[in-house]
Structures are given as C-alpha cells and as structure tokens.
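Worksheet for the structure shown next.
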Amino acid sequence: VQLQASGGGLVQAGGSLRLSCSASGRTFSRYAMGWFRQAPGKEREFVATISASGGSTYFADSVKGRFTISRDNAKNTVYLQMNSLKPEDSAVYYCAAARSGSVVWTVLAYDYWGQGTQVTVSS
C-alpha cells in the first residue's frame, strides 16, 4: 500500500484545514487508517484513527471535538477535517495504514506510512 497525504498549509488560529490521504491498491477497505503528527524535536504522536469499515473512530484527547476522521473506500481516501486549529497543532501530519482493520493508536501498530504534509497554524 502506498499512501500520499495532501492538504496541509498555513492557516490562522481558529481556522480549518482538511487533509486527504490517497492510497494505492485494491485492499484499502481492509485497512484501519490513522493520522499522526510530529512537531520539531518531538516524538510522533497519534491524532485519529478509523476502522476499515469506517464504523469506529478514536481521537487523541488533544483534538477531540475539533477534528473528525472519515474515509471513502470507493475512492481509497481517508480525510482529516481539522477545525478550531491552534498553534500547538502545527506539525507534519502523516497518514498510516494498519492491517488489523480495527482502530489502533500506536505507531508500531501501523504497517504503511505516507510521506507527511506540513500544517502550520499561526497565532
């Protein structure tokens, strides 16, 4: 599975962005998908995950109520809608795919990673 993240950019605090992650291959619908982020000098951290069917989602406490995750299996794409953005949300955002199919939130649970897209939130 090859993943391509896009949609990052520069936005003011309080604004919104929608990230997209397109996947290659015919088995996208079997994978749980996740979003992680990494700020300079920090470890990669979990943001959100969605199960293979799209029926289950899970969010980091820091983004709960502001971010939503969704997927379109017909388009092999997962989305991260980010609202009410804060400067501390600034990071490189990565999408990832997990063979497990179930919602998972640890880096090691994911088998494939995209290249990342930069999100910068100005104050």
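The table below gives the values:
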read-out	value
Share of carbon and sulfur in the accessible heavy-atom surface of the chain [1.4 Å probe, %]	47 percent
Residues Asp61 and Ser22, FRET efficiency given R0 of 30 Å [Cβ-Cβ distance, rounded to 0.05]	0.60
Cα Rg over Rh - the range 49-123, Kirkwood	0.96
Per residue accessible area of the chain, 1.4 Å probe, in Å²	50 Å²
Rg in Å to one decimal, and Dmax rounded to a whole Å, for the range 22-83 via C-alpha atoms	12.3, 37
Residue with peak Gaussian network fluctuation, the chain [Cα springs, cutoff 10 Å], from Leu85, Leu17, Leu108	Leu108
Partners for Lys86 among lysines (Cα-Cα distance below 22 Å; same-chain residues under 8 apart left out)	Lys42, Lys64
Within the range 1-94: Cβ-based charge dipole about Cα centre, in debye rounded to nearest 20 (Lys, Arg +1; Asp, Glu -1)	240 debye
Spin-label model distance (nm) - Arg30 vs Asp111, 7 Å beyond Cα toward Cβ	0.7 nm
Calculated FRET value between Ser53 and Ser122, using beta carbons and R₀ = 35 Å, to 0.05	0.40
Segment Glu88-Ala13, length gained on full extension (0.36 nm per residue, minus Cα span)	26.0 nm
Listed residues Trp35, Trp113 arranged by accessible area, highest first, probe 1.4 Å	Trp113, Trp35
Cα-based Kirkwood hydrodynamic radius, the range 51-95, one decimal, Å	11.8 Å
Alpha-carbon Rg/Rh ratio, for the range 3-108, with Rh computed the Kirkwood way	0.95
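The values are calculated or read from the model by the stated rules, or taken from the named source; none is laboratory data. Because the structure is predicted, anything quoted here is derived from the model rather than measured. Virtual Cβ from ideal backbone geometry, glycine too; neighbours counted across all protein chains shown. For accessibility, only protein heavy atoms count, side chains too; no ligands or nucleic acids. Shrake-Rupley method; radii C 1.70, N 1.55, O 1.52, S 1.80 Å.
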